[in-house]
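See structure below.
The values are calculated or read from the model by the stated rules, or taken from the named source; none is laboratory data. Predicted model, so just to flag it, every value in this text is computed and none were measured. All Cβ positions, even for glycine, are placed from backbone atoms using ideal geometry, and neighbour counts span all protein chains on display.
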Amino acid sequence: MFLENTVNHKEQFGWIEVICGSMFSGKTEELIRRLKRAQFAKQKVEIFKPAVDVRYDEEMVVSHDSNEIRSTPVPAAANIPILADDCDVVGIDEAQFFDDEIVKVCNDLANRGIRVIVAGLDMDFKGNPFGPMPNLMATAEYVTKVHAVCTRTGNLAQYSYRKAQGQDIVMLGETEEYEPLSRAAYYKAMLRDRLRTMDVDQPEEITPSSKEAPQDPS
């Protein structure tokens, strides 16, 4: 359960919240919602995103639903503490694109009494843990896993299937390049891709009529 208030208000430490999931699951939407609530409460908020993420805007953090909030693009995690001085809340979007230093940065900020809210993909397109996200999730006080809807089955989706060609782990894209899939749909899609790469025809189901008739031994 996610709680925004601590019980012991004398404690001077902050905390880390991680919002994770597949593409199109509403991670950035939830990040923006929490940050705007903090701004409405007159708290000093700073938002950061990796400089490589220029899909919608060079400076704004923008969700797929076109909600947005102004941010500061940074080339590396080490830039964040310098720019986050005297903040109450720090938001970080697309954390999977940062270097491993982001884990130490988030913990140092929390130890300074800052509330740190992080959003990012928990798995890459191959279904493996993505960059620093596992360590961020392990050290966070609160982890919220959000889900998309599978485009092929209608079930909950937790995988980001890449439709575009290329094996680079980092490839920015939207609906033309990626689609959210459930476990079953993702497994079938990846199997088809492997067979296509090997130039192997997908096996057809064997039926009694397709079996070769036994020969008469006489």
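Test Asp122 against the criterion of being of a type in the set (Asp, Glu), at pLDDT 95 or above and under 16 Å from the mean Cα position of the chain (by Cα), and give yes or no. So Asp122 fits the description; yes. Taking the range 87-99 as the range and being assigned to a loop (DSSP other than H, G, I, E, B), surrounded by fewer than 24 Cβ atoms within 10 Å (Cβ to Cβ) and in contact with a Leu (Cβ under 9 Å, 6 or more places away or on another chain) as the test, the residues that pass are Cys87, Glu94.
Only one of the numbered conditions (1) buried (at least 20 other Cβ atoms within 10 Å of the Cβ); (2) closer than 20 Å to Pro50 by Cα; (3) under 16 Å from the mean Cα position of the chain (by Cα) is not met by Leu109, and that is (3).
Could you please let me know if Leu136 is more than 21 Å from Tyr159 (Cβ to Cβ), buried (at least 19 other Cβ atoms within 10 Å of the Cβ) and modelled with pLDDT of 95 or more? Considered against the rule, which asks whether it is more than 21 Å from Tyr159 (Cβ to Cβ), buried (at least 19 other Cβ atoms within 10 Å of the Cβ) and modelled with pLDDT of 95 or more, Leu136 comes out as no. Looking for whichever is in a helix (DSSP H, G or I), under 16 Å from the mean Cα position of the chain (by Cα) and at pLDDT below 95 here; the options are Ile102, Ile82, Ile32. Which one fits? After ruling out the rest, the residue left standing is Ile32. Restricting attention to the range 141-157, the residues being closer than 27 Å to Gln12 by Cα, under 15 Å from the mean Cα position of the chain (by Cα) and in a loop (DSSP other than H, G, I, E, B) number 0.
Scanning the range 108-140 for residues that are outside any loop (DSSP other than H, G, I, E, B), in contact with a helix residue (DSSP H, G or I) (Cβ under 6 Å, 6 or more places away or on another chain) and without any contact (Cβ under 8 Å) to a residue 60 or more places away in the chain gives a single hit, Asn135. Looking only at residues in the range 96-118 that are of a type in the set (A, V, I, L, M, F, W, C) and touching a Ser or Thr at 6+ places or on another chain (Cβ under 8 Å), the one that is nearest to Arg33 (Cα to Cα) is Cys106. Restricted to the range 35-75, and to residues there that are among the polar types (S, T, N, Q) and over 16 Å from Val116 (Cβ atoms), the residue that is modelled with the lowest pLDDT is Ser66. Of Arg183, Arg196, all but one fail to be of a type in the set (Lys, Arg) and either modelled with pLDDT of 95 or more or in contact with a Leu (Cβ under 6 Å, 6 or more places away or on another chain) (or both); the exception is Arg183. Within the range 148-161, does at least one residue satisfy the condition of being surrounded by 18 or more Cβ atoms within 10 Å (Cβ to Cβ), of a type in the set (Phe, Trp, Tyr) and in contact with a Phe, Trp or Tyr (Cβ under 6 Å, 6 or more places away or on another chain)? Yes, because at least one residue in the range 148-161 is surrounded by 18 or more Cβ atoms within 10 Å (Cβ to Cβ), of a type in the set (Phe, Trp, Tyr) and in contact with a Phe, Trp or Tyr (Cβ under 6 Å, 6 or more places away or on another chain).
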